[in-house]
Amino acid sequence: AMDWQVLTRELSLYLESQVRVGFFGSGVGLSLVLGFGVAYACYYLNSIAKKPQLVASNDRFCRFLEEYCPVVTETYYPTIWCWEGRVQTLLRPFITSRPQVQYRNELIKTADGGQISLDWFDNNDSSYYPDASTRPTVLLLPGLTGTSKESYILHMIHQSETLGYRCVVFNNRGIAGEELLTPRTYCAANTEDLEAVIHHVHSLHPSAPFMAAGVSMGGMLLLNYLGKAGRDTPLMAAAIFSAGWNVFESVESLEKPLNWLLFNYYLTTCLQSSISRHRQMLEKLFDMDLVMKARTVREFDKQFTSVMFGYRSIDDYYEDASPCRKLKSVGIPVLCLNSVDDVFSPAHAIPVETAKQNANVALVLTSCGGHIGFLEGIWPRKCTYMDRVFKQFVQAVFEHGNKIFSM
């Protein structure tokens, strides 16, 4: 772990080399800058850089994580100049690199006549797992309007590639450039498409170890599926990042004036633009002019999502979409990473007590990180804390999973 005395000493030496003594007269400016730098470093090390809280009732699962996924027990040092949750959330898409990934696209048909676009990263050059039939497979679920092109998905694939694993990205209907064949898109509560994808992938590689990772709404969808499936799933385990646990609390938080300005309005326009391409198909069932007038996610869900999936009211939909209600029924090991300063998933809505009642669940709660932020390092272009949690947990499950499966 970083020693704060070493950090402050290095900071002092750096500032001495950068700031001339003549600044504000004889050394006063330097003293001010040094004093501020040391005070900021002390504040950062005492209040910002912290070990995450690990919530898990199962001692064996805890020991498994401590041994094979040690990142969840180590101090997380958020980027020193942008540790606040909203700032991390806003900056990550612009600041992180975008690893090159060559996908193979597959369109699969659904029972209702629709189609789902899957993007495969086969990793045929895998030296660890040259036999494709037994090559471990990770199913990745992006966020609300996300696709296989999101930087966080590309980083997960990059991490999986180095470990020799195969990945497949589940793109929600109608957002990855494919046509909408029926007037139906997707939502966090309806798991039919995800079930179809999981069984399709498993049927192609029945002997391959198989797990899934979901981000934001992808994590909510995955949790809702696991809550329904219990132990009856081909997945060995799952990783969940920045899930919104209680949709009522999430939308309320996003409707606070600053959060509406920074996130809600933009997210609503993203949802609208993702369906406007399919306007002709969707106009058969919806008043699209009304849907396009929505100014919040809640208004969009009220006019569009809840209607599409047959809910009597938006409250019924939000109740069904909230994974906190399904957590007690999850039947396979699940690791869930959230930051307590995530405005998309407020800290008071994280189901800590419910998690303690299910031996399959471990929550990792950081004090900073925002929503899919988790930036670390001075210039956080490459790897985030979330990427490291993903890599270590996936590797732990595929290489040493038998140690938790006897729970």
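Some values worked out for this structure:
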| read-out | value |
| --- | --- |
| CYS82 in a loop (DSSP other than H, G, I, E, B) and of a type outside the set (A, V, I, L, M) | yes |
| Failed item in (1) over 23 Å from the mean Cα position of the chain (by Cα); (2) of a type in the set (D, E, K, R); (3) assigned to a strand (DSSP E or B), with ASP112 passing the rest | (3) |
| Yes/no for GLY214 being open to solvent by less than 20 Å² (accessible area, probe 1.4 Å), in contact with a helix residue (DSSP H, G or I) (Cβ under 8 Å, 6 or more places away or on another chain), assigned by the TED database to the domain that holds GLY114 and within 17 Å of ILE116 (Cβ to Cβ) | yes |
| Test: GLU192 is surrounded by fewer than 24 Cβ atoms within 10 Å (Cβ to Cβ), modelled with pLDDT under 95 and farther than 25 Å from GLN392 by Cα | no |
| Checklist (1) open to solvent by 10 Å² or more (accessible area, probe 1.4 Å); (2) not in a helix (DSSP H, G or I) applied to PHE170, failing item | (1) |
| Candidate set from the stretch 296-328 (those that are small (Gly, Ala, Ser) and open to solvent by 20 Å² or more (accessible area, probe 1.4 Å)); member that is nearest to THR191 (Cα to Cα) | GLY310 |
| Residue check for TYR68: at pLDDT 95 or above, open to solvent by 20 Å² or more (accessible area, probe 1.4 Å), in contact with an Asp or Glu (Cβ under 9 Å, 6 or more places away or on another chain) and not polar (S, T, N, Q) | yes |
| Subset of the stretch 39-64 [surrounded by 15 or more Cβ atoms within 10 Å (Cβ to Cβ), part of a helix (DSSP H, G or I) and in contact with a Phe, Trp or Tyr (Cβ under 8 Å, 6 or more places away or on another chain)] | ALA41, TYR44, LEU45, ILE48 |
| Candidate set: the stretch 353-366, residues that are touching a residue at least 40 places away in the same chain (Cβ under 8 Å) and open to solvent by 40 Å² or more (accessible area, probe 1.4 Å); chosen: the one nearest to PRO52 (Cα to Cα) | LYS356 |
| Considering residues of the stretch 273-295 that are closer than 28 Å to ARG86 by Cα and touching a Phe, Trp or Tyr at 6+ places or on another chain (Cβ under 7 Å) only, the residue most open to solvent (accessible area, probe 1.4 Å) | ARG295 |
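The values are calculated or read from the model by the stated rules, or taken from the named source; none is laboratory data. Here the structure is a predicted model, which means the values were calculated and not measured. Note: ideal-geometry Cβ built from the backbone for every residue, glycine included; neighbour counts use all protein chains shown. The protein model used for the area step is the full one, side chains on, heavy atoms only, and it has no ligands, DNA or RNA in it. Shrake-Rupley method; radii C 1.70, N 1.55, O 1.52, S 1.80 Å.
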